[in-house]
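Visitor: Just passing along the structure, written as C-alpha cells.
Readers should treat all values here as calculations from the given coordinates under stated rules, not as data from a laboratory. None of these values were measured; they are calculated from a predicted model. When we count neighbours, we look across all protein chains shown, and the Cβ atoms used for this are built from the backbone with ideal geometry, even at glycine.
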Amino acid sequence: MRIKVWTGSPTVLCLVLLSVQPCVAGYIRLDVKPNAQFIEQFIAISAPITNNGDEPAYQVQVSVEGEGRTVSLPAIEHIGINEQKTIAATLPVGPLTSGSYSVIIRTRYIDSNGYPFSTVTVAPASKWTNVISPVVAVLEVRELLLSTHLLVRTTNMGRRASDIRLRIAAPEDLIIDPPEVRFRLQGGQEEQVSFVVRNGFALPGSSYAVYAILDSRMQNLHASTAFATQVPILARGTSGFTPLLILAGLVSLPMGILVLIRLLSRMSVRFKTTQQRNVGARRRLA
Amino acid sequence: MTRRGLVITGLLGAAVVAGVLLLQWRGVTGRSAESYAADGVLRTLPLNLGWLNGYAIHRNEVAHELAGTPDPTMDDVREAIQRVIDETLLADGAANMGHRPGSGPMREDILARQAVAWPEEIEAFWNRHKQTLEGEFVRVRRAARQSEQEARDVRKTFLTTAVVASENTAVPAVEWLGPGQLDAALERVLNGMKPGEISQPVLTAGEYHVIHLLDRKPPSQTALADWRPRLAEYLRAERWHRGRMRWLRIREAYAALEIAPEVILPKAALGLEQFRRRPDVVAIVNGKAITEEQLATQVGQARSMTRKSLVAPMAEGELRIALSRIIQGVLVREEAQKLGIEVPDSELEQRFQVLRTGFPSDEAFDAMLHANATSRDDWWRNMREGLLLLKTESAYMGRLPVEPSLIDAYWKENQAALVRDRLKILRVQFRTEQEAHQALAQIHSGRPVESFSKEQPNDAAQWFTHDMLPHQAWVAAWPATLQTVVGPVPSPDGYWLLRVDDRQEAKAQTLSHHREHIMGILQRTQWVQRERARWMLSNLEAATIWNRFDLTLKLNQKAPPTPGLQIGKHPTLIVITLEQGCHVGVCDGIEREWNRPVSLQIVSRPDAEQAVRLWSLPTVPWTFAIDEHGIVVGEYPGPVTKTALERLSSLLEPEPPLVQSTVLPDRRETVHAH
C-alpha cells in the first residue's frame, strides 16, 4: 500500500500536468464542395477538394454512395496546404423515380504519421424536379468522448402522412447505431429518434460533420433532404476526467509528501539511532 | 342450453367485451385509415362524391387518400379528390393504351410511350454526356422466381436450352443490359462470371434470380447504337414527366366530370374556358389576371440581370420560371394585405432619391433603367413589391418560435463575436451640412428628433458597433452624454445627426443584452433554411391558380400549314399521331363512321412525322379543333375517345360551348401550378 501511494503520486501528478498541456499539433481540413447531377441512369458527381489546414493530407481516397451503390475512386497521393484537387465520379443508380436524392461522399486520408482520418459530405441531386419535403429535422448532439447520443427530432410539417427512412451519414471514425430507422409520421406529427454515437478512432479536439438524411415519398415523387450537425470530440485536456485527475492529484500529493516526511523522519531516527549506537560503542571502547 | 353452458357463454362474452374495451383504451384496435379520416369534414359529405367518365368517386376512396391527415378540412378533401381524379385519368389513359394492372410494364412507362424523342435529340444527348455514359454491356438471359427451387429449375432449363431456342416464351429472351440496369447484388455476381456461365440462384429484392451470361462488350467497344434504346426511353420519360400535368388538366377539362355541390372543386374546364376567351392572359391567381405583357416584362428584366439577349425567343421553361415569380408576388401582396403591411410613397421616394443622386442627369438615369429593360414606373412597382415582400417575410419570421436552449447554445459559441462596445443611436440623415445644421438648431429649440426621422427608412433607434458606423461618427457618439444629439457628421449618403440613447461596454454585456438579437439571427436562419419555402408552398397550395402552361398547348394560336391537311377554309378536327390503331383511339374506319358536320382529318404516314415536328408536339397523339380562320379553339392530348371528339366538335358547331362562364372566378378553385 505504501509503495502504491509512493509511486502513484508522481504518476497522477504527471497526468495532471500532461492534461493541461496545450495542443500544438498541426491539422488537416479537407473541404469538399460537391455538385451532383442526374444523367440518364447515372449520377455524375464532381467535387473540388481543398486542404484548408496547415498540414498536407496523404492517400486521399474518395468514394461515392447512393441508392445502394458505391463507387470508389483511385487515391490521390497528396493534397498540400491550400491545394485543391477535383474529383469526378459516375454512380450508376438505375431507373429511379423523379424527385430529389442524396449522395454521400466519403473522403479517407492519412496524415504524415500515417494516422487515418475520414470525412463525409452529402450532395443533393434532383431528377427532373426538386421536391421540397414537408418533413424536417433538428439535430442535437453532445460532445463525444467515448459515447454520446445524437437526437434527431423529425417533424412532418405537411398535412399528409409520410413514410420516412432516416439514416445517419457519419465519418468512419464514428460508429452509429442503428445506422438507419424507418417510421411513419402522420400529418403534423413530431417524432424524436435517438442514435448512439461511439468514438471509433476520432481525433480528440476536432469536430466531425454528421448528416441525418430523410427520405420519403410525395405522391409519385421521391424526396430526400439532409440536415447536418457537428460532433465535437473531447480533447483529453477538456475531458470530463480532468477534474477527477486534478482532485486525485490534490489528494495524493499531500499524502505523498506525508509519506516522504515519514520516510525521512524514519531515516533520520535510524541515522540518530545509529549515531547513538556509534557514540555508545566508542564510549564502550574508550 | 344448460345453465353451465349459459355461464360459460356469458363469461366468454364478458371476456371479449373486456378485451375490446382494453384494446380501445390502449389505442391498438384496428381502425381503418378511412374511419380516422371520416372523423373530419368528410363525414358530412355524401357517400358518392361524384362521377368521372362513368366511374364513381366514392367517399371511402377519398378517405383512403386522406389517411394520416389529422382532422381533414375541406381543402384537404378537395386535394384528395383531385388526386383521385388524376389517378382515374391516368389509369383510363393507360388502359386505352393496353395497360393491364398487375402485369407487364408499369403504368407510367406505358403512358411515357406517348412522348416523342427524335433521333437527333438522342444523338445530341449522347454527345453531351458521352463521358458519363460509359460502362460495359452484357448479353444475358435472366429469370426471377419466388422460390429457390423454382429458380434452380430455371437454371436447369438454361443449361439444357440453347440460346437460339430461347425465343420460346417459356424461356427468357436474350437481352443486352448496360450499366446500372441490374440490381447491385446481381451486378456483383455478374462481375465474377465468365461468358457461358450460369449463376446460382441469387436472393435479392425478395426474389431468386438466375443469370446466364452470354457475352460481354467492354466500354471501349460501346457506341451510340448500344445506348440508343435506353436513351430514347429516358428522354421520352423525361418529356412525359414535364408534360404530364398539362396532359392531365386538359383531359380533365374534356372529361365527363360531376362533383357533389358540397365540394367546391376547381374545375379545369372553367379555367380552360377563361384562357379560350382571354388570349392575352397567361395566368389567373385568385381571380387576378396576369397578362402576357407583364410576363414579357418580367422575362426581359431577368434577362438583363443575367446579361442575356433581350430579343432571343422565349422558351417555355424560361416563361414558366418568370410566371412563377409573378404568381408568388401576387400571393405575397395578398399576404401583406392580410397583415395590413404597406410601403409608403415617402419611403419609396427617399430610396429613389438615393439611387438618383448616383447619376449626373435624368437622361443618364433613364438610360440606365432602359439598359436594364425597366422604366421608372417598373422600378417604382418592383421596389414597392420588394419592400413589401421583405416586410411581410419579416412579420412571419418574427413569429417563429425559438427554443431558449438554442439561444443559450448560440451565445456560448459566439459570445466573443457578439460582445463588443455598442451604442443605441437614432440616426437622422440630411443631404447637405446646412440642412443638418438648421435641423440641429430646431432640435436645440425644442423640436423632437423623431419628427425628422419618422419619414426616413430607419425611424427607430438601433444598436451600432464600431464597424457599423464611419469612424468619425463613432468617435463623436461614443463619449456623448446620453439623450444628446451630436453632429452633423459626414456620411456616405450626406450628413447625420445622431442621438445617443444608450451605451454598453463589452465587458458589461451578458446574454440578456443579446437575447433579442440572437433570437432574430436564429429566426432568420430558420426562415431562410426551410420556413420560407414552406410558407410559399402553402400559399401556392391554398390559392386558386390557373396557369396557361398547364391548361393549353396551342390554344388560340394559328395552326401551321401541314402537308396532307386542309386547314383554314372550314372548321375541322385533326388528329396527329405517329401510330394508328385502337390503342391511340384511331381505330380503322373512324373517319368513315364520323357523322358530325365538322370534318375529321387524321394525319397518316408519311406526313405524320413532319406534322408532329411542325406542330412541336411533346407527345402523340393530339387532337385539335381548328376554326374556319385556322385558329386552334380546342385541343386534346393522348388516346382520343368518341366523347372527346364530340366535345371538340361542339366547339366548332353553332351549339353553345361546353362551359358558359364570362366572369373571372372570385372563389378559391385550385388548379395547382407545378
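Visitor: Over segment B:215-339, what per residue volume does the convex hull of the Cα atoms give, in whole Å³?
Guide: In segment B:215-339, the Cα hull volume divided by residue count equals 255 Å³.
Visitor: How large is the direction-averaged shadow of the alpha-carbon convex hull of the protein assembly as shown, in nm²?
Guide: Averaged projected area of the protein assembly as shown's Cα convex hull equals 75.6 nm².
Visitor: Based on alpha-carbon positions alone, could you give the equivalent ellipsoid semi-axes of chain B from the gyration tensor, as √(5λ), descending, whole Å?
Guide: 59, 39, 33
Visitor: Can you give the helix-only mean residue ellipticity at 222 nm for chain B, where every DSSP H stretch with n ≥ 4 adds -39500 (n - 2.57) and the sum goes over all residues, rounded to the nearest 500 deg cm²/dmol?
Guide: -14500 deg cm²/dmol
Visitor: Return P(r) of segment B:73-198 (all Cα-Cα pairs; 5 Å bins starting at 0; whole %; ordered from short to long distances).
Guide: 2, 7, 11, 12, 14, 14, 14, 11, 7, 4, 2, 1, 0
Visitor: Relative contact order for segment A:112-202: what is it in percent, counting Cα pairs under 8 Å that are at least 6 residues apart?
Guide: Once divided by the residue count of segment A:112-202, the mean separation gives 32 percent.
Visitor: Specify the angular offset, from 0 to 90 degrees and rounded to the nearest 10, of the alpha carbon long axis of helix B:316-339 from the longest principal axis of the alpha carbons in chain B.
Guide: So the inclination is approximately 50 degrees.
Visitor: Could you work out the longest stretch of chain B that avoids the trypsin sites (Lys or Arg not before Pro) located in DSSP loops with at most 10 other Cβ atoms within 10 Å?
Guide: By the stated rule (loop sites, at most 10 other Cβ atoms within 10 Å), B:1-306.
Visitor: In addition: When the dipole is taken about the Cα centre of the protein assembly as shown, and only Lys, Arg (+1) and Asp, Glu (-1) are charged at their Cβ, what size is it in debye, to the nearest 20?
Guide: 4880 debye
Visitor: Moving on. When all C-alpha to C-alpha distances in segment A:190-229 are sorted into bins of 5 Å, what percent of pairs does each bin hold, rounded to whole numbers?
Guide: Taking all Cα pairs of segment A:190-229, the binned fractions are 6, 14, 19, 22, 15, 11, 7, 4, 2, 0 percent.
Visitor: Which FRET efficiency value, to the nearest 0.05, do you get for B:Arg152 and B:Met106 by plugging their Cβ-Cβ distance into 1/(1 + (r/R0)^6) with R0 = 45 Å?
Guide: Result of the calculation: an efficiency of 0.95.
Visitor: While we're on this one: Based on the Kirkwood radius over alpha-carbon pairs, what value in µm²/s does the Stokes-Einstein equation return for the translational diffusion coefficient of segment B:465-615 at 10 °C and 1.306 mPa s?
Guide: 66 µm²/s
Visitor: With the Cα gyration tensor of segment A:57-199 in hand, convert its eigenvalues to equivalent ellipsoid semi-axes via √(5λ) and list them largest first in whole Å.
Guide: 31, 22, 12
Visitor: Which of the aspartates and glutamates could a cross-linker span from B:Lys424 if the Cα-Cα distance has to be under 17 Å and same-chain partners fewer than 8 positions apart are dropped?
Guide: Leaving aside aspartates and glutamates fewer than 8 places away in the same chain, those within reach of B:Lys424 are B:Glu450, B:Asp459, B:Asp467, B:Asp501, B:Asp502, B:Glu505, B:Glu516.
Visitor: Return one number: the angle in degrees, 0 to 90 and rounded to the nearest 10, between the long axis of the Cα atoms of helix B:292-305 and the longest principal axis of the Cα atoms of chain B.
Guide: 70 degrees
Visitor: If you don't mind, another one. Say each of B:Leu578 and B:His513 gets a label point 7 Å from the Cα, pointing the same way as Cα to Cβ; how far apart are those two points in nm?
Guide: Rounded to a tenth, the inter-label distance reads 7.2 nm.
Visitor: Which loop GluC sites (Glu not before Pro) in segment A:112-198, with loop taken from DSSP, have no more than 16 other Cβ atoms within 10 angstrom of their Cβ?
Guide: A:Glu143, A:Glu172
Visitor: Right, another one. Could you tell me the largest-minus-smallest coordinate of the C-alpha atoms of segment B:313-356 on each of the three principal axes, in descending order and whole angstroms?
Guide: 39, 32, 8
Visitor: Using alpha carbons only, what's the Rg to Rh ratio of segment A:82-145 with Rh from Kirkwood?
Guide: So for segment A:82-145, dividing Rg by the Kirkwood Rh gives 1.07.
Visitor: Given labels modelled 7 Å from the Cα in the Cβ direction, how far is it in nm from B:Ala409 to A:Ser63?
Guide: 3.0 nm
Visitor: Next question, about the same structure. Pop the C-beta distance of B:Arg376 and A:Thr129 into the FRET formula with R0 = 45 Å and round what comes out to the nearest 0.05.
Guide: 0.70
Visitor: Taking only Cα atoms, what is the 0 to 90° angle, nearest 10, from helix B:362-371's long axis to the longest principal axis of chain B?
Guide: Rounded to the nearest ten degrees, it is 20.
Visitor: Let me ask something else. Return, ordered by residue number, the residues of segment B:562-595 whose backbone nitrogen is under 12 Å from a label point located 7 Å along Cα→Cβ of B:Gln610.
Guide: Within reach of a label on B:Gln610, which here means backbone N under 12 Å from a point 7 Å along Cα→Cβ, segment B:562-595 contributes B:562-565.
Visitor: If you average the C-alpha positions of segment A:88-107 and of segment B:421-498 separately, how far apart do those two centres end up, in angstrom?
Guide: 56 Å
Visitor: Sticking with this structure for a sec: Please list, or write none, the lysines whose alpha carbon is within less than 16 Å of the alpha carbon of A:Lys33, excluding same-chain residues fewer than 8 places away.
Guide: Excluding near neighbours in sequence, the set is A:Lys85.
Visitor: While we're looking at this one, here's another question. Hey, fewest Cβ within 10 Å first, where do B:Glu65, B:Glu646 land in order?
Guide: B:Glu646, B:Glu65
Visitor: B:Asn53: net charge of surrounding residues, Cβ under 11 Å, Lys/Arg +1, Asp/Glu -1, itself excluded?
Guide: -2
Visitor: Any of A:Lys127/B:Lys558; B:Lys308/B:Lys391; B:Lys288/B:Lys554; B:Lys267/B:Lys288 with alpha carbons more than 26 Å apart? Name them for me.
Guide: Table pairs above 26 Å Cα-Cα are A:Lys127/B:Lys558; B:Lys308/B:Lys391.
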